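What follows is a short report on a single structure.
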Amino acid sequence: GIPGVKVDGNDVLAVYDAVKKAVDRARNGGGPTLIEALTFRMGGHSTSDDPRRYIEASVMDEWAAKDPIARFRVYLEREGILHPGDADDIQEEFAAVMKEASEVAEGKARPALETIFSDTFKDMPEHLKAQRDWCISHYSSRDESVNEKGEFPL
C-alpha cells in the first residue's frame, strides 16, 4: 500500500509540513504518500447551491472558527512576522488586483464552447469527442458564443 498521513487541513503549517515530508520522501525514491487533509467546504458546490439548506448553523459556525486564513494570520501576528494592519493592507491590494484582472478578463471575447473539451484533455476519449460534436452542433444555432474566438491561455 501507499503510506499515508492525516493532517488538519485548516492548519497551514501542518499541511505545509505534511506536503514537504511527502515531497522529500518521493524525491528520495520513497514513492507516493497519501495525504488526508481533514477540512470542511464552507461554500456551496456552485452558485445555485445553498448549504444552509442541509448543514446546521452550529456546524458552519464550528468550522468558521477554524478558518485557515484567520488562524495563520493570528500565528503570523503572534510571531511578529505580520504587523497589525498589514493583513488588511494586503487584502485591499489583492482585492484591487483581482478587480482589475476581472475587468480585463470580462473585456475579452469568451472562449469558444469547444474549449470546454479541448482545454481539459490532452487525448480526448472518443465518447467525449461525440459529446463535444453534439454540444457544438446543438448550441451553434442558439448561442453566438459557440463561435466566439476568445482564448483562455493554459
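Observations on the structure shown:
- Placed amide H near residue 112: partners under 5 Å, 5+ positions off or other chain: 150
- For the pair residue 87 and residue 27, the difference between a 0.36 nm per residue extended length and the Cα-Cα distance amounts to 18.1 nm.
- Summed residue charge, Cβ within 13 Å of residue 42's Cβ, Lys/Arg positive, Asp/Glu negative: -2
- Sites matching chymotrypsin sites (Phe, Trp or Tyr not before Pro) across the stretch 38-84 that sit in DSSP coil, with at most 12 neighbouring C-beta atoms within 10 Å: 54
- Projected label distance in nm at residue 134 and residue 65, using a 7 Å step from Cα toward the beta-carbon: 5.0 nm
- Total formal charge among the other residues, if their Cβ is under 14 angstrom from that of residue 31, Lys/Arg +1 and Asp/Glu -1: +2
- Degrees separating the helix 68-78 axis from the principal Cα axis of the chain, which is the longest one: 40 degrees
- For the chain, the longest site-free run once GluC sites (Glu not before Pro) in DSSP loop states with at most 11 other Cβ atoms within 10 Å are removed: 80-154
- Cut-off 14 Å (backbone N to label point 7 Å along Cα→Cβ of residue 42), residues of the stretch 74-103: 74
- C-alpha long axis of helix 86-106 to longest principal axis of the chain, angle in °: 10 degrees
- Sparse-neighbourhood loop sites, trypsin sites (Lys or Arg not before Pro) in the stretch 1-107 - DSSP loop, at most 16 other Cβ within 10 angstrom: 41, 66
- For the stretch 31-45, Karplus couplings with θ = phi - 60° (6.51, -1.76, 1.60), whole Hz, Gly/Pro x: x, x, 9, 8, 10, 9, 9, 7, 8, 8, 7, 7, x, x, 5
- Signed unit charges on C-beta, dipole axis of the chain, positive-most listed residue 55, 34, 121: 34
- Table column - 3J(HN,Hα) (Hz), the stretch 10-26, Karplus curve with 6.51, -1.76, 1.60, x for Gly and Pro: 9, 10, 3, 5, 5, 5, 4, 4, 5, 5, 4, 4, 5, 5, 4, 4, 5
- Computing log10 I(q)/I(0) by the Debye sum over Cα atoms at q = 0.13, 0.15, 0.19 Å⁻¹ directly from the structure and comparing it against (1) -1.10, -1.19, -1.14; (2) -0.65, -0.83, -1.15; (3) -0.67, -0.85, -1.30 singles out (1).
- Counting only alpha carbon atoms, the long axis of helix 126-140 and the longest principal axis of the chain meet at about 70°.
- The stretch 4-66: relative contact order in percent, alpha carbon pairs under 8 Å with at least 6 residues between: 34 percent
Just so you know, all these numbers are worked out from the coordinates, no wet-lab data involved. Treat the numbers as computed from the prediction; the structure is a model and nothing was measured. So basically every Cβ, Gly included, is an ideal-geometry build from the backbone, and we count neighbours across all protein chains shown.
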